[in-house]
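Asks: Okay, handing you the structure first.
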Amino acid sequence: MNSSTNETTTDILAHVLLPVANEDDGLTTATALEPYEPEQVTALHVVEKGEGVPDKTPVEQSEELAAESYAAVRTVFPDADDRTAYARDVVEAIFDVAEEVEASAIAYRSRGGGRLMQFLSGDLSLKLVTNAEVPVIALPQTDSGE
């Protein structure tokens with residue numbers, strides 16, 4: 001590897017945005033990112049808001065879930081920042097926060113599911129990797145149970 005390749009790698013890991021869904025996902029995703037030694041990490045929890053319909057969970061419950069997710073990430077990255085976004089479109093919220101915090105990359109773990117689940121969810125992974133303006137790092141699955 002030449003030095004320009006190393007510099008590019010370092011730049012990509014300068015400030016990683018880490019979207020997390022819950023406490024378990026936060027810990028698993030942070031653990032998968034840890035070997036790559038990012039310089040700065042911002043954990044993001046997106047609270048899905050309904051448009052004209054009741055929210056999926058009460059705000060207090062969503063904020064508690066976010067706090068638990070951030071605590072899990074901080075067991076791996078003690079200095080991680082956090083952001084909570086409230087949005088109808090999860091992927092757009094990830095992009096918006098990536099821009100706000102000037103993230104150098106977005107790192108995520110696919111949450112799996114079969115084709116039907118991907119179709120029903122709008123295949124968030126596909127939208128994430130095809131529409132992002134910063135590099136998207138798909139982290140490897142760390143256990144065989146997923």
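Every number in this text was worked out from the coordinates using simple rules, so none of it is lab data. As the structure is a computational prediction, the values presented were derived from the model and not from experiment. Neighbour counts run over all protein chains shown; Cβ positions are idealised from the backbone, glycine included.
Asks: Quick one: net charge around Arg83, please, counting Lys, Arg +1 and Asp, Glu -1 for every other residue with C-beta under 11 Å from its C-beta.
Replies: Numbers: positive: none; negative: Asp81, Asp82, Asp96, Glu100.
It works out to a net charge of -4.
Asks: Multiplying the sequence separation of Arg88 and Thr130 by 0.36 nm and subtracting their Cα-Cα distance, what value in nm do you get? Intermediate values should be presented prior to the final figure.
Replies: Details: separation 42, 0.36 × 42 = 15.12 nm, distance 1.91 nm.
Difference between extended and current length: 13.2 nm.
Asks: In what sequence do Arg88, Arg74 fall when counting other Cβ within 10 Å, fewest first?
Replies: On the way: Arg88 13, Arg74 18.
The fewest-first ordering by Cβ neighbours comes to Arg88, Arg74.
Asks: Amide H neighbours of Ile137 under 5 Å, counting only residues 5+ apart in sequence or on other chains, H built in-plane at 1.01 Å?
Replies: The list, which skips near neighbours in sequence, is Ile106, Ala107, Tyr108.
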